[in-house]
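No lab work stands behind these numbers, since they all come straight from the coordinates. Predicted model only: the values in this text are computed from it and were never measured. Ideal geometry is used to build each Cβ from the backbone, glycine not excepted, and the neighbour counts take in all protein chains shown.
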Amino acid sequence: MSNEKNAPLWQQLLLTAQALSDVQKGQSANQVLEKISSPLRPGVQALLFHVLRRLGLAQTLLKKLAKQSPQKPVEALLCTALALACDEKALMYPPHTLVSQTVDAAKKSRLLKNSAPFINACLRRFLLEQDALLKEAHTLLLAQWNHPEWWIHQHQKDYPEQWQDILLANNSPAPMTLRVNTKRMTVNELLKIWLDAGMPSTPVGEFGLVLHQPLPVHQILGFLDGLCSVQDLGAQRAASLLKEQLHQKPIKKWRILDACAAPGGKTAHLLEIMDCEVLALDIDDRRCLKINENLQRLGLQAKVVTADAQDTDVWWDRKLFDAILLDAPCSASGIVRRHPDIRWLRRESDIAALAQQQSRMLESLWPLLAPSGLLLFCTCSVFHAEGQDVVQAFLTHNTQAAILPSPGHLIPKITGARGEVQDNAISDHDGFFYALLQKTD
Ligand SMILES: C[S@@+](CC[C@H](N)C(=O)[O-])C[C@H]1O[C@@H](n2cnc3c(N)ncnc32)[C@H](O)[C@@H]1O
């Protein structure tokens, strides 16, 4: 295994095709990548993410190249190669190298070796006829936007003016945005330390820095010492929104519930910028361990409890909260650029089921809020069904709830065509929904 990092392309292609196949069976890309040995993982991840962002086009091309659907493993290898060859502006390898390495990959696999001639024929035909094939494929929404059709139609309905911008952003890589732990140092101080160490960054928002060159976290100066955390700029809005409102009220130490807290990104941010005590709940005990790890690294303290937020009888001590952050489970349709597998994993029916769960959680937690207390409801979704529709329905029947000025749905934004950092990087963030509700006295 000594030379794994320099594994030949054919081997990386085989691993990527296997990973794609596992995602298509329902596993998340993160789960699948965890199984790959660490020296090979970054290379396979780069290939897999590239493929997932072009999978609709690759599937459409394959239908045109093969009269009958090939067996699943053959289909996965062909889709991998086609996705890597079909976008002229973003080629990772010269097309002829890619084709010969894909055929080598098939020959070296017991499962695929009999299909090597077929794979060779499909890919050579693609190289010869690609202009016509691509033109024809692009007439289909799936191939043009690389999202399932139901997803595209939903965006067209929710955002008649902006649906194309959202889909374009979803298909671009996201920048590496970090949040500075301002309990420990200012944004400018960390920016200077990084610059002196040859890690240039650009400030974004009030607490963020975007690294010009993304790095694994353990290589980021100060990360292990708790000077910063990885957090998208859109996610950094949560703690700021609560702080802006809470600081208008004369309360000693805020008592805040973070109802869906793991892995603790927003819990930590609240503790970094406010004088507050936080109860951080999450239903998933393994993810609760992550909250504790993060708090420890950052030098912060909260009470962390594993529980179903809706089972208030089980975990609530009957003391009302000044504020509740409900970062509810959702489709994650706003963070597709960081997780290109999400669009292929979700089913249309998931959206209504998630929206119902979000409504139930809102109903269960509302009674725990003190009079004039604040509840920040958020999701990392851009579907109206998982944001504004949930809140509107809640406000219609809850006469004790008022909505304060709120961002609503933030749609994902990119600063450059390929997600590179530019001077106006301040506008670059994932998709989110935020609604700030207040309990009337
Ligand atoms: C969007 S993530 C939260 C991200 C977190 N707020 C942060 O900023 O790091 C949603 C979380 O809700 C948790 N969750 C789902 N259903 C829950 C429930 N009924 N009660 C408590 N937590 C729940 C999931 O385990 C998941 O960790």
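Between Q219, Q144, Q358, find the one with the highest GNM mean-square fluctuation for the chain; connect C-alpha pairs within less than 10 Å.
Comparing Q219, Q144, Q358 in the GNM, the peak value goes to Q219.
Counting other Cβ atoms within 10 Å of each Cβ, which trypsin sites (Lys or Arg not before Pro) in the range 18-81 have at most 16 and sit in a DSSP loop?
Qualifying residues, ordered by number: K25, K35, K67.
Sticking with the crude label model, points 7 Å out along Cα→Cβ, report the distance from E149 to Q310 in nm, one decimal please.
3.3 nm
Would you compute, from DSSP H runs of 4+ residues alone, the mean residue ellipticity of the chain at 222 nm, taking -39500 (n - 2.57) per run and dividing by the full residue count, rounded to the nearest 500?
So the helix-based figure for the chain works out to -13500 deg cm²/dmol.
Report the extension gain between K107 and Q31 in nm, rounded to one decimal, defined as 0.36 nm multiplied by the number of residues separating them, less their alpha carbon distance.
Full extension of this stretch gives 24.6 nm more.
Place a +1 charge on the Cβ of each Lys and Arg in the chain and a -1 charge on the Cβ of each Asp and Glu, then give the dipole magnitude about the Cα centre in debye, rounded to the nearest 20.
Its charge dipole is roughly 1200 debye.
Can you bin the range 176-230 into rounded, prolate or oblate? Criterion: square roots of the alpha carbon gyration tensor eigenvalues sorted a ≥ b ≥ c, rounded for a/c under 1.5, prolate for a/b above b/c, oblate for the rest.
It comes out rounded by the Cα gyration axes.
Most mobile of L128, L190, L404 per a Gaussian network model of the chain (Cα springs, under 10 Å)?
Sorting by GNM fluctuation, first place goes to L128.
What's the center-to-center distance, using Cα atoms, between the range 1-63 and the range 104-152 in Å?
16 Å
Where does the Debye-calculated log10 I(q)/I(0) of the range 276-369 sit at q = 0.21 Å⁻¹, using only Cα point scatterers of equal weight, no solvent?
Here the Debye-derived log intensity ratios amount to -1.18.
E244 to D284: FRET efficiency via 1/(1 + (r/R0)^6), r the Cβ-Cβ distance, R0 41 Å, to the nearest 0.05?
Between E244 and D284 the formula returns 0.85.
Once the range 115-247 is represented by equal point scatterers at the alpha-carbon sites, with solvent omitted, what log10 I(q)/I(0) does the Debye formula produce at q = 0.10, 0.22 Å⁻¹?
Here log10 of I(q) over I(0) equals -0.59, -1.21.
What order, most packed first, do the peptides 175-186, 256-267 have when packing is the mean number of other Cβ atoms within 10 Å of each residue?
Result, highest mean Cβ count within 10 Å first: 256-267, 175-186.
Applying the Karplus parametrisation 6.51 cos²θ - 1.76 cosθ + 1.60 with θ = phi - 60° to the phi angles of the range 390-398, what ³J(HN,Hα) value in whole Hz is obtained for each residue in order, glycine and proline being reported as x?
Calculated HN-Hα couplings, in order: 5, 5, 4, 5, 5, 5, 5, 9, 10 Hz.
Using Cα positions and a limit of under 14 Å, work out the aspartates and glutamates in reach of K113, with same-chain residues fewer than 8 apart set aside.
Within the straight-line cut-off, K113 pairs with E75, D104.
Would you kindly state how much longer the chain becomes between N120 and E206 on full extension, computed as 0.36 nm times their sequence separation minus their alpha carbon distance, in nm to one decimal?
Net length gain for the segment: 25.7 nm.
For Y434, list long-range residues whose amide hydrogen, built 1.01 Å from N in the peptide plane, is under 5 Å from its own amide hydrogen.
Correct list: G408, H409, L410.
How far apart, in nm, are the 7 Å Cα→Cβ label points at Q156 and R347?
Once both label points are built, they end up 2.4 nm from each other.
Could you work out how far apart the two model spin labels at A197 and Q24 are, taking each label as a point 7 Å from the Cα in the direction of the beta carbon, and quote it in nm?
Output for this residue pair reads 4.2 nm.
Would you kindly calculate the mean projected area, averaged across all directions, of the convex hull enclosing the Cα atoms of the chain, in square nanometres?
Hull-based average projected area comes out at 22.9 nm².
Going through the cross-link list K25/K64; K252/K303; K266/K319; K25/K157, which pairs have a Cα-Cα distance over 20 Å in this structure?
Flagged as over cut-off: K25/K64; K266/K319; K25/K157.
Per 10 Å bin from zero, what fraction in whole % of the C-alpha pairs of the range 237-439 is there, up to the bin with the longest pair?
Values per bin, smallest distances first: 8, 34, 39, 17, 2, 0.
Run the reach check for K439 against aspartates and glutamates, Cα to Cα strictly under 15 Å, same-chain hits fewer than 8 apart removed. What comes back?
D322, E363
Could you identify which residue out of R318, R337, R255 has the top mean-square fluctuation in a GNM of the chain using Cα springs shorter than 10 Å?
R318
Dipole of the range 65-111, Cα-centred, from +1 at each Lys and Arg C-beta and -1 at each Asp and Glu C-beta, to the nearest 20 debye?
240 debye
Once you have the Cα-Cα distance between R41 and D225, take 0.36 nm times their residue separation minus that, and quote the gain in nm to one decimal.
63.7 nm
Which part of the range 276-300 falls in the paramagnetic zone of L320, meaning amide N under 19 Å from the point 7 Å along Cα-to-beta-carbon?
Flagged as within label range: 277-279.
From the residues Q310, G265, Q219, which one has its Cα farthest along the dipole of the chain in the positive direction, the dipole being from +1 and -1 charges on Cβ of Lys/Arg and Asp/Glu about the Cα centre?
Q219
Pop out the ³J(HN,Hα) list for the range 86-91 in order, Karplus 6.51 cos²θ - 1.76 cosθ + 1.60 with θ = phi - 60°, rounded to Hz; leave Gly and Pro as x.
Taking θ as phi minus 60°, the curve returns 8, 10, 4, 7, 9, 6 Hz for the range 86-91.
Output ³J(HN,Hα) for the range 232-245: one whole-Hz value per residue in order, computed from phi by the Karplus curve 6.51 cos²θ - 1.76 cosθ + 1.60 with θ = phi - 60°, and x for Gly and Pro.
So the J values, rounded to whole Hz, are 4, 4, x, 5, 6, 5, 4, 5, 4, 4, 5, 4, 4, 7.
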